[in-house]
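Student: Submitted below is the structure of interest, expressed as structure tokens.
The values are calculated or read from the model by the stated rules, or taken from the named source; none is laboratory data. Being a predicted model, the structure only gives us computed values, none of them experimental. Counting neighbours? That spans all protein chains shown, and the Cβs are built from the backbone with ideal geometry, glycine included. The accessibility values were calculated without ligands, DNA or RNA, using every heavy atom of the protein model including side chains. Shrake-Rupley method; radii C 1.70, N 1.55, O 1.52, S 1.80 Å.
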Amino acid sequence: MQIPDVPPQLLSALVEAAAGQRLALVGGVVRDLLLHRHHQDPWRGLPDLDLVVQGRAADLVDRLPQALEHQIGRPVAIRQQHHGRYGTAELELALPPELGGTWLLDVASARQEMYPRPGANPVVSPGSLEQDLARRDVTVNALALVLNAPGGGVGAELELLDPFGGQADLAERQLRFLHPDSLRDDPTRLVRAARYAARLGFALAPDALQQASSTLRDWPWDWTVGDEPAEAPPALATRLRMELDLLWQREPWPKALALLQLWGGLALLDAKLQGDQRWRRRLHWAGRLGLPLLQALVAGAEQPCGLAERLQLPQRQQEELRQLEQLLQRLDTAGVADDLLTASSWCRWLEAPGVRSAVVALAISLGCSSRGPLLGWLLRWRHQVAPVSATELQRQGWRPGPALGAELRRLRYARIDADSLRH
């Protein structure tokens, strides 16, 4: 079976390096190849290759340089990064330009997983290719092409492993979880399903939708929203954030996020977000103002700081969300005060406590009632300076000191007020 874009020399080298170990392509490349060959989907390209080897992945990696040189006829530079806990290696191959140039490979040892409790990190142990497929998220990703099946070889029809009916679900263009406890074990699988559905134009199968509804309704995890963020299991904390990061980076995220909300999945983050009908507008503004989209989504939660801590957002973003709460409280009491009627008064008010510009941008994205002057400050007023410099004032007789600084501020504020009247 010819795989578009993949040079036969690379596949031959991988088979040679496997040296008797069962080796298979898994994941998106197999799914997309079948969609392309049998269902007329356009070829989506190959950002990387995911491979699973039955046995130690490190052994294959050690033999790969010699195998590549044998198949290509010249040495190949390989950058490696190993992850010993899960028996995986990330490889960057510098193939000749005529063979596609740089290739990224993820090589993993076949393994099986057991979840000690819902939402925890799995306990892994060596396994077969079939057991490795059984730990995956949806049936259309639990497919494998064995590269070195007996009687096979480059150019021959490769052996397809499909233990969960993934081909049938490809034909129906639907996503189905592998077993009834898939989401109970790992709720981030629902986020991945939203990513795939948005990218591929698939729907969630009826039994998968029922599993999502019943799992979220019964909430099988010991930790619940509102408990101490640090006590949340990984699948409701760091692993959840990692899946959301991928959603922003790789997918048509407005569609993916809408599907996740339709399926009830935003409740994994926060009940208020699940019912939020304004997130599209908020994230639109966040994009325009250069804010991190996940931070802007979290800002609309019932307890933004707690959610940010649970997801382990960067410390700077967590601090900005804490400042946002303080700013919104101040706006509630001071936003309509008589001393906030001019542009310069808003500058004094916003600049005195040293509020970060990102915090003001977050307040704007939330649609607060003071959006107009906040936008004015963020986009124009804070960038304006006095019409004369300190040096010029000193030439006019001003002495260095507090009075000089006060005069510069007065002149700046006068310019800002004049500018705001023109706009």
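Student: Once the dipole of region 294-423 is set up with Lys and Arg at +1 and Asp and Glu at -1 on Cβ about the Cα centre, which of Gln317, Ala403, Ala358 lies farthest towards its positive end?
Tutor: Of the listed residues, the answer is Ala403.
Student: To continue, here is another question. Would you mind putting 67-80, 164-177 in packing order, based on average other-beta-carbon counts within 10 Å, highest first?
Tutor: Per-residue mean Cβ counts within 10 Å order the peptides as 164-177, 67-80.
Student: Okay, moving on. Just to be sure I understand the curve: with the Debye formula and one point per C-alpha of region 146-236, what is log10 I(q)/I(0) at q = 0.22 Å⁻¹?
Tutor: -1.08
Student: As an exercise, take the mean of 1/r over every pair of distinct alpha carbons in the chain, invert it, and state the Kirkwood radius in angstroms.
Tutor: For the chain, the Kirkwood estimate is 25.2 Å.
Student: If you don't mind, there's one more thing I want to ask. Taking 60 Å as R0, compute the FRET efficiency from the Cβ-Cβ separation of Ala403 and Gln81 and round it to 0.05.
Tutor: So the FRET efficiency works out to roughly 0.50.
Student: Okay, moving on. Between Trp248 and Arg117, what is 0.36 nm times their sequence separation minus the Cα-Cα distance? Round to one decimal in nm.
Tutor: 44.3 nm
Student: For region 229-302, state the average projected area of the convex hull of the C-alpha atoms over all orientations, rounded to one decimal in nm².
Tutor: Average of the hull's projected areas for region 229-302 equals 4.9 nm².
Student: Still on this model: Helix 28-39 versus the longest principal axis of the chain: what is the Cα-based angle in degrees, 0 to 90, to the nearest 10?
Tutor: Long axis of 28-39 versus the principal axis of the chain: about 70 degrees.
Student: Would you please report the Å³ per residue occupied by the convex hull of the alpha carbon atoms in region 1-152?
Tutor: Once divided by residue count, the hull of region 1-152 is 119 Å³.
Student: For region 9-94, what D do you get in µm² per second when you plug the Kirkwood radius from alpha-carbon pairs into Stokes-Einstein at 25 °C and 0.890 mPa s?
Tutor: The estimated diffusion coefficient comes to 174 µm²/s.
Student: Compute the distance in nm between two label points, each set 7 Å from the Cα along the Cα-to-Cβ direction, one at Arg44 and one at Glu172.
Tutor: Spacing of the two 7 Å Cα→Cβ label points: 2.0 nm.
Student: Treating only the Cβ of Lys, Arg, Asp and Glu as charged (+1, +1, -1, -1), what charge dipole size does the chain show about its Cα centre? Round to the nearest 20 debye.
Tutor: 1840 debye
Student: In addition: Quote the accessible area belonging to Arg348 in square angstrom, nearest 10, computed with a 1.4 Å probe and with ligands, DNA and RNA left uncounted.
Tutor: Here the accessible area works out near 120 Å².
Student: Given Cβ point charges of +1 (Lys, Arg) and -1 (Asp, Glu) and nothing else, what value in debye, to the nearest 20, does the dipole of region 51-157 about its Cα centre take?
Tutor: 320 debye
Student: Please turn the phi angles of region 249-261 into ³J(HN,Hα) values with the Karplus equation 6.51 cos²θ - 1.76 cosθ + 1.60 (θ = phi - 60°), one per residue in order, whole Hz, x for glycine and proline.
Tutor: 6, 10, 10, x, 5, x, 5, 4, 5, 5, 5, 4, 5
Student: Arrange the peptides 379-392, 178-191, 103-116 so that the one whose residues have, on average, the most other Cβ atoms within 10 Å appears first.
Tutor: 178-191, 103-116, 379-392
Student: Set the Förster distance to 25 Å, then compute FRET efficiency between Arg74 and Gln2 from the Cβ-Cβ distance, nearest 0.05.
Tutor: 0.60
Student: While we're looking at this one, here's another question. Determine the share of the chain's accessible area contributed by carbon and sulfur atoms, expressed in whole percent, with a 1.4 angstrom probe.
Tutor: 50 percent
Student: Given R₀ = 41 Å, what would the calculated FRET efficiency be for Glu302 paired with Arg348, taking r from the Cβ atoms and rounding to 0.05?
Tutor: About 0.80, to the nearest 0.05.
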